[in-house]
Amino acid sequence: MVALLPVAIPVASNGYFHKAMSTAAVPSRTGIANLPLHYGKAPRWLFERMVKLAREITVVIVTDFGPEEMLRRLSHPYWFQAFGCILGFDWHSSGVTTTLCGAVKEGVKGLERDLGLFVAGGKGRTSRRTPAELEAWGELISINPAPLVYASRMSAKVDSSAVQDGYQLYHHAFFFTKRGSWAVVQQGMNESTRYARRYHWLGEVVTNFVNEPHAAILSEARGQALNLVAAESDPARTTITEIATSQKPEALLSDLKKLKTLSLPAHHYLSTADLHPDSISRILLSTYERQPDSFEALIGLPGVGAKTIRALSLIAELVYGVAPSYRDPARYSFAHGGKDGIPYPVDRKTYDQSIELLRKAISKTKLGISEKNEAMGRLNSLNNTTIV
């Protein structure tokens, strides 16, 4: 795997990110970011302005470079974070994800057909309405919603079941174009560590949902994880699928009950204490009867979640000797850092280039003079900040 390092993100003449986001240079991930878990929401006065500015910036980018370019930028964790900063939200708060996605969704409302850019999903219960929203849009703009619904379901399944890193998904935003291109920004929370982790997907670089499907990885924190979408987990994925389809449920349950008497190495994420063989017997019967032909098809089955995959991973490792990856996919921190050196001192060159990118966008908008001056003033204050 080629990791996407925190590099500069200027825009090339064709509108694509130079190096960091050009199709040729992008590895097969778009990213993960860790953020302190903050409760509450943006004040109404701020959110109303965020909606207006988000709308104008989106209109400029789509008008100049096309809706697919907006997907590329939203799927880039560094750019997404900078976008949230420009809109005036806390740079290190988990709320930047939900608030920014909500502002973009609200900002483009009524302009979707003209822009060719659509947004579904959101936070909590709204996230669960994503398939219905996609199907409704499919009827209105004459596009087959099935591939989009599948991408939405699988991206959520992967980040909740195939990557078990301790974060429970609670936000899922799905961005797409009338050509069928898509991007996903979703977030999970870990209440014990009080951190949230953001996952970015870009459809154009996803060739396989279960083999390195994200596009860059950045995060402040690392931890233990069961990472079945890592390239080195390919033998484990194959073995898990074979176990689920070739062994009768009775034999699998017998193996699981035996495993509960074993002690696993301390460095492993998996724990037999969480196994309840009887509770997953119905799911194992379903996988055996339906015979999924791949790991992707297996995790796509209704009812197959984190506990089922964890149980099958244990059997694959301890019975068949095929270990999955325990590499936490989160590797790097934010692109810009913080003024107080947390998580590290600001990378001024990258920050200035991001600000300049947005300065050019704002200068082309149709914002009112007062709002435009306010936005430009915010940019200038950021640009003139002295870094010690």
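The values are calculated or read from the model by the stated rules, or taken from the named source; none is laboratory data. Quick caveat, the model's predicted, so the values are computed rather than measured. As a convention, Cβ positions derive from the backbone with ideal geometry for all residues, glycine included, and neighbour counts pool all protein chains shown.
Inside region 57-72, can you point out the residues that are more than 13 Å from the chain's Cα centre (by Cα) and not β-branched (V, I, T)? If the condition is that a residue be more than 13 Å from the chain's Cα centre (by Cα) and not β-branched (V, I, T), then D64, F65, G66, P67, E68, E69, M70 are the ones that fit. When H214 is tested against (1) farther than 20 Å from P302 by Cα; (2) over 15 Å from the mean Cα position of the chain (by Cα), just one condition goes unmet, and that condition is (2).
Taking region 99-197 and the helices (runs of 4 or more DSSP H) fully enclosed by it, the elements with 2 or more residues that are within 20 Å of I57 (Cα to Cα) are at 112-115.
Are any of the residues in region 124-146 in contact with an Asp or Glu (Cβ under 6 Å, 6 or more places away or on another chain) and without any contact (Cβ under 8 Å) to a residue 40 or more places away in the chain? Yes, region 124-146 contains at least one residue that is in contact with an Asp or Glu (Cβ under 6 Å, 6 or more places away or on another chain) and without any contact (Cβ under 8 Å) to a residue 40 or more places away in the chain.
Mind telling me which of the residues L218, L262, L252 ends up being at pLDDT below 85 and assigned to a helix (DSSP H, G or I)? Going through L218, L262, L252 in turn, the sole match is L252.
Among the residues of region 265-279, none qualifies, meaning not one is closer than 28 Å to Y150 by Cα, at pLDDT 85 or above and not assigned by TED's automatic domain parsing to the domain that holds D159. For A42, state whether it is at pLDDT below 75, of a type in the set (A, V, I, L, M) and touching a Pro at 6+ places or on another chain (Cβ under 6 Å). Criteria not met by A42.
One line per residue, one yes/no per condition, for (1) on the phi < 0 side of the Ramachandran plot; (2) assigned by TED's automatic domain parsing to the domain that holds M154; (3) more than 23 Å from the chain's Cα centre (by Cα); (4) not charged (D, E, K, R):
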residue: L285; (1), (2), (3), (4): yes, no, yes, yes
residue: E289; (1), (2), (3), (4): yes, no, yes, no
residue: A297; (1), (2), (3), (4): yes, no, no, yes
residue: P302; (1), (2), (3), (4): yes, no, no, yes
residue: G305; (1), (2), (3), (4): yes, no, no, yes
residue: T308; (1), (2), (3), (4): yes, no, no, yes
residue: A311; (1), (2), (3), (4): yes, no, yes, yes
residue: L314; (1), (2), (3), (4): yes, no, yes, yes
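Return the residues of region 147-160 that are touching a residue at least 40 places away in the same chain (Cβ under 8 Å) and surrounded by 19 or more Cβ atoms within 10 Å (Cβ to Cβ); say none if nothing qualifies. Those that are touching a residue at least 40 places away in the same chain (Cβ under 8 Å) and surrounded by 19 or more Cβ atoms within 10 Å (Cβ to Cβ): A151, M154, S155, K157, V158, D159, S160. If you go through region 301-315 and keep only what is of a type outside the set (K, R) and surrounded by 20 or more Cβ atoms within 10 Å (Cβ to Cβ), you end up with V304, T308, I309, A311, L312, S313, L314, I315. When S155, S161, S142 are checked against the criterion of being in contact with a helix residue (DSSP H, G or I) (Cβ under 6 Å, 6 or more places away or on another chain) and either more than 14 Å from L226 (Cα to Cα) or at pLDDT below 95 (or both), S161 stands alone in meeting it.
Only one entry in T99, T126 is at pLDDT 90 or above and among the hydroxyl-bearing types (S, T, Y), namely T126.
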